[in-house]
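Everything below concerns the one structure shown next.
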Amino acid sequence: KMFAPFFGNSLYIWTTVIGITLAGIAAGYFAGGYLSEKYSHKSLVHSVFLLTAVMVVLLPAWANRLMLWCVDMGFQKGAVISCMGFLFPVLFCLGMIPPILIKSATGHSDQSGSITGKIFAASTLGGVLTTILTGFIIIPSMGLRLPVYINSVILVFIPVIFFLRSNILIAVGSIFKSWDFI
């Protein structure tokens, strides 16, 4: 809603907001995983919460100023730059919190925070790429209905392949086990 007075409320704006949101969270996951390995968990999580709180308090004023500055850059460029300037930092900080908390909860297990951060980052970056591809290319060229059906088929197809693959391997393995003479 903050974008609407400056850039409208189109598919491109939603794509920008969702993509930047996912990018900020992914970068935060990665940084949080890295930082959880280097610093004390309690002081780190408190610092990140405090920094995030300050950013959220300043967000409305900063966002309005930034969007006023970016509105003359054009529809897509201005929206992306302003969103990177006010939304990305807050979501980056919010994304750092889960890996730090996981590291704190799992104790001094070897690299649990770093591994969790990398997993969250990879997962969310996949979401970023999908969001941008869907919003800028797929929906404008194919409409909404066909991509939904394609995604449904993909979501069903992947687990079916893994199920069939594992069952075929189990069946083949049991056949060979029963042939003791080979």
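Details
- Among residues of the stretch 1-57, those that are closer than 20 Å to residue 97 by Cα, open to solvent by less than 40 Å² (accessible area, probe 1.4 Å) and modelled with pLDDT under 80, counted: 2
- Inclusion of residue 15 among residues that are more than 22 Å from residue 136 (Cα to Cα) and not hydrophobic (A, V, I, L, M, F, W, C) is not warranted.
Condition check ((1) under 13 Å from residue 34 (Cα atoms); (2) touching a Cys at 6+ places or on another chain (Cβ under 8 Å)) across all residues:
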position	(1), (2)
72	no, no
78	no, yes
82	no, yes
86	no, no
94	no, no
101	yes, no
105	no, no
114	yes, no
117	yes, no
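- Conditions (1) within 23 Å of the chain's Cα centre (by Cα); (2) surrounded by fewer than 16 Cβ atoms within 10 Å (Cβ to Cβ); (3) touching a residue at least 12 places away in the same chain (Cβ under 8 Å): number failed by residue 69: (1)
- When residues of the stretch 92-140 are limited to those that are of a type outside the set (Ser, Thr, Tyr) and part of a loop (DSSP other than H, G, I, E, B), the one surrounded by the most Cβ atoms within 10 Å (Cβ to Cβ): 111
- Against the conditions (1) open to solvent by less than 70 Å² (accessible area, probe 1.4 Å); (2) free of Cβ contacts under 8 Å to residues at least 24 places away in the same chain, residue 77 satisfies every one except (1).
The values are calculated or read from the model by the stated rules, or taken from the named source; none is laboratory data. Computed from a predicted structure; not experimentally measured. FYI the Cβ positions are ideal-geometry reconstructions off the backbone, even for glycines, and counts take in every protein chain you see. The accessibility values were calculated without ligands, DNA or RNA, using every heavy atom of the protein model including side chains. Shrake-Rupley method; radii C 1.70, N 1.55, O 1.52, S 1.80 Å.
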